[in-house]
1. Go through (1) of a type outside the set (Gly, Ala, Ser); (2) at pLDDT 90 or above; (3) open to solvent by less than 70 Å² (accessible area, probe 1.4 Å); (4) under 30 Å from residue 228 (Cα atoms) for residue 347 and report which single condition fails.
2. Quick one: which residue in 392, 401, 315, 361 is within 30 Å of residue 141 (Cα to Cα) and not aliphatic (A, V, I, L, M)?
3. How many residues, within the stretch 304-315, are over 58 Å from the mean Cα position of the chain (by Cα) and either among the polar types (S, T, N, Q) or open to solvent by less than 60 Å² (accessible area, probe 1.4 Å) (or both)?
4. Spot the failing condition for residue 118; the list is (1) of a type in the set (D, E, K, R); (2) part of a helix (DSSP H, G or I); (3) modelled with pLDDT under 95; (4) open to solvent by 40 Å² or more (accessible area, probe 1.4 Å), and only one is missed.
5. Residue check: is residue 356 in a helix (DSSP H, G or I) and either in contact with a His (Cβ under 6 Å, 6 or more places away or on another chain) or at pLDDT below 90 (or both)?
6. What is the number of the single condition among (1) open to solvent by 70 Å² or more (accessible area, probe 1.4 Å); (2) assigned to a helix (DSSP H, G or I); (3) under 26 Å from residue 72 (Cα atoms) that residue 301 does not meet?
Amino acid sequence: MRRLVVTVMLFCGIAAGAQERTWSLTQCIEHALEHNISIKQSSIAVASKEIAVNTAENRRLPSLSGSAGQNFSFGRGLTADNTYANTNTTSTSFSLGSDVPVFTGLQIVHNIALSKLDLEASTMDLAKAKDDIRVAVAQAYVQIIYDLEIVDVAENQVEIDEMQVARLNEMVQNGKASRAEVSAQEATLAQSRLALTQARNNLSLALLDLSQLLELPSPEGFSVVRPSVEGLESKLLMTPEAIYAEAVEVKPSIQAEKARLAYAERNIDLAKSGYLPSISLSGGLGTNYYTSSGFPSDNFGHQAKNNFSQYLGLNLSVPIFNRFSTRNQVRSAQLQKNNQELQLENVKKSLFKEIQQAYYNALGAQNKYESCQVAEKSAADAFELARAKYENGKSGITEFNESKNRYLSAQSDLVKARYEYLFQSSLLDFYRGKDMQF
């Protein structure tokens, strides 16, 4: 029992240690792709399509079946001398037969091609599902980084307010400040601590969102690596048209619809094969054993040898008139193809629209990021001057807090703009077929 407890504790310790580490975006994406339930379901769908391909290919093979039968007959029956008598008869039969498709109007060929195209579309659907997970993980990852930065800003704000409360308390003792000023600053400190609590709560929720995407049992001990933002300002954005020209060749959503269009075109050929004749080759062998009460009968071995028979047949089926069923199947297949062409165009337009939106979001985020950098620097300089004036007794606490709040707001805006631009610019690269990373 003691050994079991130690083993369980050791396992739990290893599991906890595995989770208590800092995750990079690449590690998060890889873990999500491996453990996400929707991805596993899509993988099962692909495996099912692979089986369907194998089934379609095996339709070329001959079939083989065997049968055995035992019959009993009682009462009056016709005898060998053409008279009726009360007799009991038994018969035993054995047969083995095979059927080989020689020509099926190319239906087997078309069905194999359809199965492969269906598999290709399913594989692209799986790739699209993986892409969606990558984007969702990256978005949740960026949200965590943003919340981490906001927590840092809030902690810095609390530290500044605590220093000011302590400073005012010393000034009260020296008669250089009033209790009203201390109370006002303590109220400001309380607001800063409330903002810090809210920031930490937002961070916890963001960590929970990402941990759920990764199928982790709990967000406890989970943290992420903060990416470098060096060179972010100098990053050039490609035009939507240039990005789309690359995306349309690599995005799984487009490739899946192209495969479905090829499926629809092949389905027309399959429908037309109903006009063609089919040829099949069949063959088999069999024997039987027969007894009748009141009459002598040869033994089983002798009858099985004497009654042994073989057959070989060639069957031709020519469609002449099937109530226009084949004609209407061809028409329906053509309509399905036309609909799929429209679906492909619709998906292409949706992709271009997404790229345009991502481009203008990235462009706006870039401009906002550059503006926020200037604003943050100006607010920082203004805050330093306001703090120096306040500490030298040349301004009041109200002016100091107003300057500090403007600086805090500028810092928050800069953090938001930075990571929004980081995500949007990375998303544009992702549309071009590159990995989601930063």
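The values are calculated or read from the model by the stated rules, or taken from the named source; none is laboratory data. Because the structure is a prediction, the values reported are computed rather than measured. Using ideal geometry, Cβ is built from the backbone for each residue, glycine included, and neighbour counts are taken over all protein chains shown. When the accessible area is computed, the model is the full protein with side chains, heavy atoms only, and any ligands, DNA or RNA have been set aside. Shrake-Rupley method; radii C 1.70, N 1.55, O 1.52, S 1.80 Å.
1. (4)
2. Values: 392 fails: within 30 Å of residue 141 (Cα to Cα); 401 fails: within 30 Å of residue 141 (Cα to Cα); 315 fails: within 30 Å of residue 141 (Cα to Cα).
Result of the check over 392, 401, 315, 361: 361.
3. The first filter runs over the stretch 304-315 and keeps only residues over 58 Å from the mean Cα position of the chain (by Cα), leaving 304-309.
This time we only want the ones that are either among the polar types (S, T, N, Q) or open to solvent by less than 60 Å² (accessible area, probe 1.4 Å) (or both), so: 304, 306-307, 309.
Of the residues in that region, 4 qualify.
4. It is condition (3) that residue 118 fails.
5. Numbers: in a helix (DSSP H, G or I): yes; either in contact with a His (Cβ under 6 Å, 6 or more places away or on another chain) or at pLDDT below 90 (or both): no.
It is false that residue 356 is in a helix (DSSP H, G or I) and either in contact with a His (Cβ under 6 Å, 6 or more places away or on another chain) or at pLDDT below 90 (or both).
6. Of (1) open to solvent by 70 Å² or more (accessible area, probe 1.4 Å); (2) assigned to a helix (DSSP H, G or I); (3) under 26 Å from residue 72 (Cα atoms), only one is false for residue 301: (1).
Quick grid of which residues meet (1) touching a residue at least 60 places away in the same chain (Cβ under 8 Å); (2) under 30 Å from residue 186 (Cα atoms); (3) part of a helix (DSSP H, G or I); (4) out of contact with any Leu (no Cβ under 8 Å at 6 or more places or on another chain):
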| residue | (1), (2), (3), (4) |
| --- | --- |
| 337 | yes, no, yes, no |
| 341 | yes, no, yes, no |
| 351 | yes, no, yes, yes |
| 388 | no, yes, yes, yes |
| 410 | no, yes, yes, yes |
| 414 | no, yes, yes, yes |
| 419 | yes, no, yes, yes |
| 423 | yes, no, yes, yes |
| 433 | yes, no, no, yes |
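Each row is one residue, and each column tells you yes or no for (1) in contact (Cβ under 8 Å) with a residue 12 or more places away in the chain; (2) in contact with a His (Cβ under 7 Å, 6 or more places away or on another chain); (3) open to solvent by 80 Å² or more (accessible area, probe 1.4 Å).
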| position | (1), (2), (3) |
| --- | --- |
| 51 | no, no, yes |
| 61 | no, no, yes |
| 69 | yes, no, no |
| 83 | no, no, no |
| 87 | yes, no, no |
| 99 | yes, no, no |
| 110 | yes, no, no |
